[in-house]
Amino acid sequence: MTTPSPTTKPRVIDVRLPLALYPVYYDIEIQPNMYEGPAANFTFNGYTRIQLRCDTPTRNVTLHTNKLQITPGSLEFGAEPGTAAAPSIVNWEWDKDRQFMVIHLNGVLVKDGLYYVKMNYTGPLKDDLHGLYLSQYEQNNDTVYIAATQFQPTDARKAFPCFDEPAIKSNFNITLVRKSHLKSLSNMPIIDSQDRGDNWVADVYQTTPKMPTYLVAFVVCNFEYTNQTTTNNILYRAWSRPESVDQTRYALGVGVKVLTYFEEYFDIRFPLPKQDMIAIPDFAAGAMENWGLITYRETAMLFEPGVSSEGNKQRVAVVVSHELAHQWFGDLVTPSWWDDLWLNEGFASFVEYMGVDFVHPDWKMFEQFVVSDLQDVFDFDSLISSHPVYVPVAHPDEINEIFDRISYAKGASIIRMMRFFLGEETFRRGLSRYLKSRAYAAAFHDDLWSSLTEQSNLEGKNINVKEVMDTWTLQMNYPVVMVTREGTRIRVSQQRFLRDANATDPGKYTSSFGYKWEIPFAYTSSIESNFNKTDADISWIKPNSNELIFDNPTVIPPKSDNMSWVLGNPMQYGYYRVNYDTANWLALINQLKRDHSQIHTINRAQIINDAWSLAKAGLVSQDVALQTVEYLDDELEYVPWAAAERQLKYVDTMLTKTGLYGAFEAFMKAKVQRPFSIIGMNNTGASHLESYIRSVISGLACKYGIQTCTDEALRLFRQWINTPANNPIDPGLKSTVYCTAIKYGGVAEWDFAFKQYKTATVAAESARLLSSMGCSREPWILSRFLHRALMPEEIRKQDALDVLVYVSRNSIGQGLAWDFFRNSWDTIRNEYGTAFFAFTRLIGGVTESFNTPFQLKELQMFVDTHPDQGSGKRAFDQAIEKTNANIKWMEANLMSVQMWLKDQGLYKE
Ligand code: BES
Ligand code: ZN
């Protein structure tokens, strides 16, 4: 039997496996061949034997494979001892669209019979970052090759034939064959190493617990490790290339603490005997939660004190915590299908904050949450091209598409809201109940709702979690709550919030709740000033109630003047915006200016974010929005500045190519003057959050041309050029200094940066340099940079698409990047199209500043003439909607921004 040519079928709708056969366990042996000949020809050999239980009589065996060459004559099907003789194989075919291998039998299998299928095969070992793939790095002028895996969501089938769906859990017996000078790693510990002769060694791994295919992992490499043992006796190792093994210590320390913290929080022990983390030089995502063998991009795991910044450090802590959270959410309990991906990613994205907060309480992670997750996804989720959290998906392209801000950040935000309305302890016990009830099995979101409801009932709180949460997960977008003051009463009502209320609904999703939500509402005021509300303070705004009236003289101020205000959604626990009558907005603004400390840090960020977003949607005047940032002269906290920076950055992007830009620059320069003079550029000994705020303020100061900033940046960079082995720049200021020096410098500065990029021994440093190289103002330099992006020997494939984003952020590079993007589309799509987040970021990035009808036309034309957008389809829809919204923003606001700049004496015609 030879490999048949693929059958062609019409466009795939149903990609799900038939349920007739269930894989009980797998025996898998894999041998990467990466020792001789050109790397382009590397391959791996595999052997897979699957024991199958017949649940429904069937005449065929259908399983997933992709890009595997089945060795002729090796395919075998048979009955296990105790099951009557099996029918034999007639032939097999490959269904390319579904990535199915269908083996036809000449008879029917009996229910409950046990069978096996086995085969040998080979596959390509390429640098494509998916399935079992090739990674490499330079060591003493030699290229060292590594074989690593990335299976989520649908690439286990590229390494072994399997039932590649998340709900199908099996035991895995894995054997990895390697040369004796290398090491191998997998989910479980090695139980035996066998000499296979000719320097080959076979490492045999302990059987895994029941788990899905996408969490299987293995690596063959020459790495070293550091290790610790957790309180509950789990061996924890942190692996990297030998040269950077010292950089694993921080991640290891966080990992050890957070693993035990989660065991206690969920009240469930980590079920595997060991946990490995490994930093792989080429990696598609940031990290991957394979059970017991978590794989990372180097920047997400390695940390070098004195070289890496506090930002890099937090990234490591967050990623480590996120992937450890998945060991319970995802690995122990797995979504039944990818449509509930948010159960994985939303949970891990919330719980990651708890883990980091446990290790670093002074980082105020739960304040940062509001800008990094909640306010971040609010923009995206105000588009009609958004999607519900729970979303039907079938084809691998569609599955890849939903690894997006909705699954992650909206998922996390509504979980945080749920913790608020259930109360912290109820929430924790309910989660634990859910995890215990579905351990080693799969779950649907209703399983979570029922565990939480049970817990709430047990505690006499009686919240129907499904009724509430369905309104947040089954329909897209979110509400804006209108709070109107009438004497000593407030009236409260809800309405769907859309960036552009006139955008045409493509009709892809409908809502069975009429775009109304179950909203846990709370508020405070100038006379109460209590931002620490709990579940006891909640009033529910129901989908069917038109408005609520609150008549509470102990909270609501007696009169409505510019000294007294009410504020809805303290701490922004709820996933909604709040709008007010103008008088109340002005009173809030007045409070910010008089004494902003009277309003909680989170709600200062909320006021800025809500006012600006409501203004974009035409629900408050742009003037109100502009006034919310006037108090920033006195603001020294990171979170409100981060919120303001996002909004001002938007205005900056919209204005860059208009005649108003000079005046806007002058405004920004004036805005950061005072904070910059207080905060300055000496970051020595700064705390984590001081370092954060200094990075924001100095970034703005240099960008808008405050001379003490740019002078200092240029001085520091020159000093570095003079003594390349001795970088004098504080890690917290590096981004600002590098970007400024490259912006004002020429090719010498740029080439120096590129050289440092190539030779840096700390991955975070390379990443920072790469982004700074987009700051050049020389079109030819930017153009050369774009071309290098697609040369894998110059820039790793994992980083390539980011280069286009970096160049797009620069107003001089924006057009170049857009042209380059269109010209290189086929290469990007075919060679880089599955680099996960990078692809969505890319499409969003190159179109970010589009705000003219002409740009819209270009974008539309590109989309129309390139129907095969793969997993980028949704990102293009969003780009079109955003461009439309930007055009409207320009029409509606250019005049008012001009007036306002004029009023400040900054703009003259
Ligand atoms: N499960 C994902 C990795 C992943 C992403 C697999 C996309 C397949 C497609 C992992 O848990 C993850 O979310 N990683 C994040 C880091 C996290 C801290 C948000 C990442 O890769 O950036
Ligand atoms: Zn994740």
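The values are calculated or read from the model by the stated rules, or taken from the named source; none is laboratory data. What you see is a predicted model; the values in this text were computed from it and never measured. Cβ: placed from backbone, ideal geometry, glycine included. Neighbour counts: every protein chain shown. We work out accessible area using only protein heavy atoms, side chains counted, and drop any ligands, DNA or RNA first. Shrake-Rupley method; radii C 1.70, N 1.55, O 1.52, S 1.80 Å.
Within the stretch 721-817, considering only helices (runs of 4 or more DSSP H) that don't extend past its boundaries, which have at least 3 residues that are within 30 Å of THR852 (Cβ to Cβ)? If you could, list the steps in order and put the result at the bottom.
Working: elements: 734-744, 747-759, 763-772, 779-789, 797-808.
Result: 734-744, 763-772, 779-789, 797-808.
Of VAL356, VAL371, which residue is out of contact with any strand residue (DSSP E or B) (no Cβ under 9 Å at 6 or more places or on another chain), of a type outside the set (Ser, Thr, Tyr) and within 12 Å of ligand 1 (Cβ to nearest atom)? Explain how you work it out, then say what you get.
Numbers: VAL371 fails: within 12 Å of ligand 1 (Cβ to nearest atom).
Step by step, each of VAL356, VAL371 is checked, and only VAL356 is out of contact with any strand residue (DSSP E or B) (no Cβ under 9 Å at 6 or more places or on another chain), of a type outside the set (Ser, Thr, Tyr) and within 12 Å of ligand 1 (Cβ to nearest atom).
Is it true that some residue in the stretch 173-186 is without any contact (Cβ under 8 Å) to a residue 40 or more places away in the chain and open to solvent by 20 Å² or more (accessible area, probe 1.4 Å)?
Going through the stretch 173-186, the residues without any contact (Cβ under 8 Å) to a residue 40 or more places away in the chain turn out to be 180, 184.
Now narrow it down to the ones that are open to solvent by 20 Å² or more (accessible area, probe 1.4 Å): 180.
Scanning the stretch 173-186 turns up at least one residue that is without any contact (Cβ under 8 Å) to a residue 40 or more places away in the chain and open to solvent by 20 Å² or more (accessible area, probe 1.4 Å).
Tell me the residue from ALA817, ALA875, ALA879, ALA885 that is of a type outside the set (Ser, Thr, Tyr) and in contact with an Asp or Glu (Cβ under 6 Å, 6 or more places away or on another chain), please. Step through it out loud before you land on a result.
Working: ALA817 fails: in contact with an Asp or Glu (Cβ under 6 Å, 6 or more places away or on another chain); ALA875 fails: in contact with an Asp or Glu (Cβ under 6 Å, 6 or more places away or on another chain); ALA879 fails: in contact with an Asp or Glu (Cβ under 6 Å, 6 or more places away or on another chain).
Answer to the check: ALA885.
Going through ASN502, ASN400, ASN457 one at a time, which residue ends up being surrounded by fewer than 17 Cβ atoms within 10 Å (Cβ to Cβ) and in a helix (DSSP H, G or I)? Talk me through it step by step, then tell me what you get.
Numbers: ASN502 fails: in a helix (DSSP H, G or I); ASN400 fails: surrounded by fewer than 17 Cβ atoms within 10 Å (Cβ to Cβ).
Going through ASN502, ASN400, ASN457 in turn, the sole match is ASN457.
In the stretch 348-357, which residue that is more than 17 Å from PHE303 (Cβ to Cβ) and more than 12 Å from ligand 2 (Cβ to nearest atom) is most open to solvent (accessible area, probe 1.4 Å)? So that I can check it myself, show each step before the final result.
Kept after step one, since they are more than 17 Å from PHE303 (Cβ to Cβ), are these residues of the stretch 348-357: 348-351, 353-354, 357.
From what's left, more than 12 Å from ligand 2 (Cβ to nearest atom): 353-354, 357.
Details: TYR353: 11, MET354: 9, ASP357: 48 Å².
Restricting to residues being more than 17 Å from PHE303 (Cβ to Cβ) and more than 12 Å from ligand 2 (Cβ to nearest atom), the top hit is ASP357.
Among the numbered criteria (1) away from ligand 1 (no atom under 13 Å from the Cβ); (2) part of a helix (DSSP H, G or I), which single criterion is violated by ALA394?
It is condition (2) that ALA394 fails.
Enumerate the helices (runs of 4 or more DSSP H) found wholly within the stretch 574-632, keeping only those where 2 or more residues are within 30 Å of the chain's Cα centre (by Cα) and buried (at least 24 other Cβ atoms within 10 Å of the Cβ).
By residue number, 601-616.
Looking at the stretch 309-336, which of the residues that are open to solvent by 10 Å² or more (accessible area, probe 1.4 Å), more than 10 Å from ligand 1 (Cβ to nearest atom) and charged (D, E, K, R) is nearest to PRO273 (Cα to Cα)?
Here the answer is LYS313.
Take ILE294 and decide whether it is within 14 Å of ligand 2 (Cβ to nearest atom), more than 15 Å from the chain's Cα centre (by Cα) and closer than 23 Å to ASP127 by Cβ.
Values: within 14 Å of ligand 2 (Cβ to nearest atom): yes; more than 15 Å from the chain's Cα centre (by Cα): yes; closer than 23 Å to ASP127 by Cβ: yes.
The answer is yes for ILE294.
Test of understanding: among GLU345, GLU367, which residue is within 13 Å of ligand 2 (Cβ to nearest atom) and charged (D, E, K, R)? Spell out how you get there, then give the answer.
On the way: GLU367 fails: within 13 Å of ligand 2 (Cβ to nearest atom).
Exactly one of GLU345, GLU367 is within 13 Å of ligand 2 (Cβ to nearest atom) and charged (D, E, K, R), namely GLU345.
Being over 12 Å from ASN60 (Cα atoms) and not in a loop (DSSP other than H, G, I, E, B) is the filter here, so list the residues in the stretch 105-114 that pass it.
Scanning the stretch 105-114 gives a single hit, LEU114.
Looking at the stretch 420-446, I want the residues that are not assigned by TED's automatic domain parsing to the domain that holds PHE366 and have a partner that is charged (D, E, K, R) and at pLDDT below 95 with Cβ atoms under 9 Å, at least 6 apart or on another chain. Which pairs are those?
none
Quick check on the stretch 878-903: of everything there that is of a type in the set (A, V, I, L, M, F, W, C) and without any contact (Cβ under 8 Å) to a residue 24 or more places away in the chain, which residue is nearest to ALA501 (Cα to Cα)?
Taking the candidates together, the pick is MET895.
Could you check, for the stretch 753-764, whether at least one of its residues is of a type outside the set (Phe, Trp, Tyr), over 29 Å from the mean Cα position of the chain (by Cα) and modelled with pLDDT of 95 or more?
Step one: of the stretch 753-764, the residues of a type outside the set (Phe, Trp, Tyr) are 753, 755-756, 758-764.
Okay, now just the ones that are also over 29 Å from the mean Cα position of the chain (by Cα), so 755.
With the extra rule that they be modelled with pLDDT of 95 or more, the set shrinks to 755.
There is at least one residue in the stretch 753-764 that is of a type outside the set (Phe, Trp, Tyr), over 29 Å from the mean Cα position of the chain (by Cα) and modelled with pLDDT of 95 or more.
Given the condition assigned to a strand (DSSP E or B) and exposed (fewer than 14 other Cβ atoms within 10 Å of the Cβ), answer yes or no: does some residue in the stretch 220-230 qualify? Show your work before the answer.
Filtering the stretch 220-230 down to residues assigned to a strand (DSSP E or B) leaves 220-221, 224-229.
Still in the list and also exposed (fewer than 14 other Cβ atoms within 10 Å of the Cβ): 229.
Scanning the stretch 220-230 turns up at least one residue that is assigned to a strand (DSSP E or B) and exposed (fewer than 14 other Cβ atoms within 10 Å of the Cβ).
Quick test for you: out of ILE527, ILE549, ILE490, pick the one residue that is surrounded by fewer than 19 Cβ atoms within 10 Å (Cβ to Cβ) and assigned to a strand (DSSP E or B).
Values: ILE527 fails: assigned to a strand (DSSP E or B); ILE490 fails: surrounded by fewer than 19 Cβ atoms within 10 Å (Cβ to Cβ).
After applying the criteria, what remains is ILE549.
Mind listing whichever residues of the stretch 129-157 are in contact (Cβ under 8 Å) with a residue 24 or more places away in the chain and away from ligand 1 (no atom under 14 Å from the Cβ)?
Filtering the stretch 129-157 for residues in contact (Cβ under 8 Å) with a residue 24 or more places away in the chain gives 129-137, 139, 143-157.
Correct list: LEU132, LEU134, SER135, GLN136, TYR137, GLN139, THR143, VAL144, TYR145, ILE146, ALA147, ARG157.
For GLY292, work out the one condition from (1) at negative phi; (2) out of contact with any helix residue (DSSP H, G or I) (no Cβ under 8 Å at 6 or more places or on another chain) it doesn't fulfil.
Evaluating GLY292 over (1) at negative phi; (2) out of contact with any helix residue (DSSP H, G or I) (no Cβ under 8 Å at 6 or more places or on another chain) leaves (1) as the failure.
Filter the stretch 259-268 down to the residues that are without any contact (Cβ under 8 Å) to a residue 40 or more places away in the chain and open to solvent by less than 30 Å² (accessible area, probe 1.4 Å), then identify the one that is farthest from PHE427 (Cα to Cα). It would help to see each step written out before you state the result.
Step one: filter the stretch 259-268 for residues without any contact (Cβ under 8 Å) to a residue 40 or more places away in the chain, giving 260, 263-264.
Checking the rest, the ones that are also open to solvent by less than 30 Å² (accessible area, probe 1.4 Å) come to 260, 263.
Working: THR260: 19, GLU263: 16 Å.
It comes out as THR260.
In the set VAL102, VAL90, VAL61, which member is open to solvent by less than 30 Å² (accessible area, probe 1.4 Å), part of a strand (DSSP E or B) and out of contact with any Ser or Thr (no Cβ under 8 Å at 6 or more places or on another chain)? Break it down into steps so the answer makes sense when it comes.
Working: VAL102 fails: out of contact with any Ser or Thr (no Cβ under 8 Å at 6 or more places or on another chain); VAL90 fails: open to solvent by less than 30 Å² (accessible area, probe 1.4 Å).
That would be VAL61, the only listed residue that is open to solvent by less than 30 Å² (accessible area, probe 1.4 Å), part of a strand (DSSP E or B) and out of contact with any Ser or Thr (no Cβ under 8 Å at 6 or more places or on another chain).
Output the qualifying pairs, or none if there are none: Cβ atoms under 7 angstrom, residues six or more apart or on different chains, first residue in the stretch 619-633 and free of Cβ contacts under 8 Å to residues at least 12 places away in the same chain, second residue part of a helix (DSSP H, G or I) and among the aliphatic types (A, V, I, L, M).
none
Answer yes or no as to whether ASP339 is open to solvent by 10 Å² or more (accessible area, probe 1.4 Å), away from ligand 2 (no atom under 13 Å from the Cβ) and free of Cβ contacts under 8 Å to residues at least 12 places away in the same chain.
Working: open to solvent by 10 Å² or more (accessible area, probe 1.4 Å): yes; away from ligand 2 (no atom under 13 Å from the Cβ): yes; free of Cβ contacts under 8 Å to residues at least 12 places away in the same chain: no.
Considered against the rule, which asks whether it is open to solvent by 10 Å² or more (accessible area, probe 1.4 Å), away from ligand 2 (no atom under 13 Å from the Cβ) and free of Cβ contacts under 8 Å to residues at least 12 places away in the same chain, ASP339 comes out as no.
Within the set of pairs 6+ apart or on separate chains, which have a first residue in the stretch 673-684 that is among the small types (Gly, Ala, Ser), a second that is open to solvent by 20 Å² or more (accessible area, probe 1.4 Å), and C-beta atoms under 8 Å apart?
GLY680/ARG694
I'm trying to understand the selection: among the residues of the stretch 784-805, which are closer than 19 Å to GLY745 by Cα and open to solvent by 40 Å² or more (accessible area, probe 1.4 Å)?
Residue satisfying the conditions is ARG784 alone.
Residue-by-condition table, conditions (1) out of contact with any strand residue (DSSP E or B) (no Cβ under 7 Å at 6 or more places or on another chain); (2) more than 16 Å from ligand 1 (Cβ to nearest atom); (3) open to solvent by 20 Å² or more (accessible area, probe 1.4 Å); (4) assigned to a loop (DSSP other than H, G, I, E, B):
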{"site": "ASP246", "(1), (2), (3), (4)": "yes, yes, yes, no"}
{"site": "ARG249", "(1), (2), (3), (4)": "no, yes, yes, no"}
{"site": "LYS257", "(1), (2), (3), (4)": "yes, yes, yes, no"}
{"site": "PHE270", "(1), (2), (3), (4)": "yes, yes, no, yes"}
{"site": "LEU302", "(1), (2), (3), (4)": "no, no, no, yes"}
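Considering only the stretch 14-21, I want to know if a residue exists there that is surrounded by fewer than 19 Cβ atoms within 10 Å (Cβ to Cβ), assigned to a strand (DSSP E or B) and assigned by TED's automatic domain parsing to the domain that holds VAL177.
The answer is no, given that none of the residues of the stretch 14-21 is surrounded by fewer than 19 Cβ atoms within 10 Å (Cβ to Cβ), assigned to a strand (DSSP E or B) and assigned by TED's automatic domain parsing to the domain that holds VAL177.
Return yes or no: is ALA284 modelled with pLDDT under 95 and within 16 Å of ligand 1 (Cβ to nearest atom)?
Details: modelled with pLDDT under 95: yes; within 16 Å of ligand 1 (Cβ to nearest atom): yes.
Yes, satisfied.
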